[in-house]
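The values are calculated or read from the model by the stated rules, or taken from the named source; none is laboratory data. What you see is a predicted model; the values in this text were computed from it and never measured. Note that each Cβ is placed from the backbone with ideal geometry, even for glycine, and that neighbours are counted across all protein chains shown.
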Amino acid sequence: MLNACMGSLMELVERDPRILYLTADSGEGGLDLMFRRNFPDRCFDFGIAEQNMTGAAAGLAASGKIPFIYVPTPFLVYRAFEFLRNDICLQNYPVKIIGTGSGLSVSSLGPTHHSTEDLGSLRSLPNLRILSPATPLQAWACIENAYSVKGPVFIRVETTQPSEYYSEGYSLPTAGFDLLREGAKGLILSTGSILTETMKTAEILGNDGINLSVANISILKPVNVSMLLPLLVRSNLVFTVEEHNIIGGLGSLIAEIIATERLNIQLIRIGLNDKFSVGYGTLLQVRKENGLDADSITDIIRKTMI
């Protein structure tokens, strides 16, 4: 998904001289070098100094620029949270944050480099729009969507190349979600590249006669509750699947809606159950060890429906 983000951003930079590229030793050498080669006077690497970078982004935005920050999610959200809150969100500055390596996607580096609590932190910040692409084409659309809004935006990007479920020319829906599969037995809500596992799960269960709807949530904040409600009330059984702690993320978001709207819906949240991730290896290996591969998700749903 990173290449899609960079491709979309490069197109925007060519059209708008206000856009700047900021990073903090992101580790994405090829992408950084490409930006420096094409736009040397609009690319700034702050080194391992995420707080300084975030404060500088706010200052640049106050001066009429549109900074795009490109940095690993855990080192921005956890290390520079105060700067995100006070310098960017409180001022409602148009800083766009591309948080890379989100979820478990940097699987071989372990829990210190995973971002599995970021949504719980960021959802509490006023003015911040949160986008969570699941595929390369959706990541491309998220960059364009972020550019089109006036305030701050966080784009939760994973360093994966997941399956593609969209066509060229795709743009983010006003509803904030796409219904990818229809089924009468219940509803699965998914966000991020774990959609690949979610769709595999729905296919496995469908072959056994358990047909579930699958919706991909791409806009986590602000939530278009009025458009999401009709999807929820169609089913009395809803599952959420996310590469995140079940506290604070997609599962919590849906639980809040169910409680606020007084819906008679059973909700099963599938993610990290209030714990840090374990294990090292490929993404599939780490997902499996943490119960987030298609087989594990299938087992949870199947047991619930027995």
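Side notes on the structure shown:
- For the stretch 80-118, residues that are within 28 Å of Leu195 (Cα to Cα) and assigned to a loop (DSSP other than H, G, I, E, B) total 10.
- Pair list, Cβ < 6 Å and 6+ apart or interchain, from the stretch 210-238 residues that are without any contact (Cβ under 8 Å) to a residue 40 or more places away in the chain to residues that are small (Gly, Ala, Ser) and surrounded by fewer than 19 Cβ atoms within 10 Å (Cβ to Cβ): Asn211/Gly183; Asn211/Ala184; Ser213/Gly183
- Residue match in the stretch 221-242 (condition: touching an Asp or Glu at 6+ places or on another chain (Cβ under 9 Å) and buried (at least 22 other Cβ atoms within 10 Å of the Cβ)): yes
- Any chance Glu117 is surrounded by fewer than 24 Cβ atoms within 10 Å (Cβ to Cβ) and more than 13 Å from the chain's Cα centre (by Cα): no
- For the stretch 197-209, a residue qualifies if it is touching a residue at least 60 places away in the same chain (Cβ under 8 Å) and either buried (at least 21 other Cβ atoms within 10 Å of the Cβ) or not assigned by TED's automatic domain parsing to the domain that holds Ala255 (or both), and the qualifying residues are Glu197, Thr198, Thr201, Leu205.
- Of the candidates Leu250, Leu292, the single residue that is in contact with a His (Cβ under 8 Å, 6 or more places away or on another chain) and modelled with pLDDT of 95 or more is Leu250.
Every residue, every condition in (1) assigned to a strand (DSSP E or B); (2) modelled with pLDDT under 95, yes or no:
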residue	(1), (2)
Leu189	yes, no
Thr198	no, no
Glu203	no, no
Ala215	yes, no
Leu232	no, no
Ser235	no, yes
Ile257	no, no
Arg269	yes, no
Asp274	no, no
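- Checking Tyr280 against (1) out of contact with any Gly (no Cβ under 7 Å at 6 or more places or on another chain); (2) surrounded by fewer than 23 Cβ atoms within 10 Å (Cβ to Cβ); (3) closer than 20 Å to Glu197 by Cα, the condition it does not meet: (1)
- Sole residue being among the charged types (D, E, K, R) and in contact (Cβ under 8 Å) with a residue 12 or more places away in the chain, chosen from Lys288, Lys303, Lys275: Lys275
- Scanning the stretch 9-26 for residues that are over 14 Å from Ile66 (Cβ atoms) and in contact with a Cys (Cβ under 9 Å, 6 or more places away or on another chain) gives a single hit, Thr23.
- Test: residue in the stretch 40-59 that is within 21 Å of Pro222 (Cα to Cα), surrounded by 19 or more Cβ atoms within 10 Å (Cβ to Cβ), hydrophobic (A, V, I, L, M, F, W, C) and in contact with a helix residue (DSSP H, G or I) (Cβ under 8 Å, 6 or more places away or on another chain): no
- Of all residues in the stretch 168-195, those satisfying the criterion of being without any contact (Cβ under 8 Å) to a residue 40 or more places away in the chain and crowded, with 18+ Cβ neighbours inside 10 Å are Leu180, Arg181.
- Every residue from the stretch 126-158 that is surrounded by fewer than 19 Cβ atoms within 10 Å (Cβ to Cβ), assigned to a loop (DSSP other than H, G, I, E, B) and of a type in the set (S, T, N, Q): Asn127
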